[in-house]
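Everything below concerns the one structure shown next.
The values are calculated or read from the model by the stated rules, or taken from the named source; none is laboratory data. Computed from a predicted structure; not experimentally measured. Methodologically, a virtual Cβ is constructed for each residue, glycine included, from the backbone with ideal geometry; neighbour enumeration extends over all protein chains shown. Areas reflect the complete protein model, heavy atoms only, side chains present, ligands, DNA and RNA absent. Shrake-Rupley method; radii C 1.70, N 1.55, O 1.52, S 1.80 Å.
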Amino acid sequence: MEEVPYSFQLAVEKRVLEKKAKISFVLPYAAHVLLRVFNDEDEEVRLLLNEKINEGEYTIMFNFNQLPSASYTVRLVAETDKAIDKETQTIQL
């Protein structure tokens, strides 16, 4: 049986009682990854990841207890010599 290759994915799960968000992503190739959180005025409020990482599945816990209630966008950008992939998800805090 042939193994199905990973696809580029981003998922955000809000955990209200913990005042955290679980941010998961799948990277099908090694790349330089930027994972950032923006407010509704498109201003960056947190840089969560800025480094080269290998292919695989990753999870980052984002603590949002010091941010005001609002809509935020999580942006994932993966860049290689050949391509740039982008994925976004919006969460309401």
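General observations
- Per-residue extension of 0.36 nm, minus the Cα-Cα distance of residue 59 and residue 24, leaves a gain of 12.2 nm for this segment.
- Here the chain is assigned +1 on the Cβ of each Lys and Arg and -1 on the Cβ of each Asp and Glu. Its dipole about the Cα centre then comes out at about 400 debye.
- Estimated from the Cβ-Cβ distance and a Förster radius of 35 angstrom, the FRET efficiency linking residue 84 and residue 14 is about 0.80.
- Whole-Hz Karplus values for segment 43-52 come out as 9, 5, 10, 8, 9, 9, 7, 8, 6, 7 Hz, taken residue by residue from phi with 6.51 cos²θ - 1.76 cosθ + 1.60 and θ = phi - 60°; glycine and proline positions read x.
- Solvent-accessible heavy-atom area per residue, rounded to whole Å², over segment 11-93 at 1.4 Å: 62
- Surface composition of the chain: carbon plus sulfur atoms contribute 44% of the solvent-accessible area (1.4 Å probe, protein chains only, all chains present).
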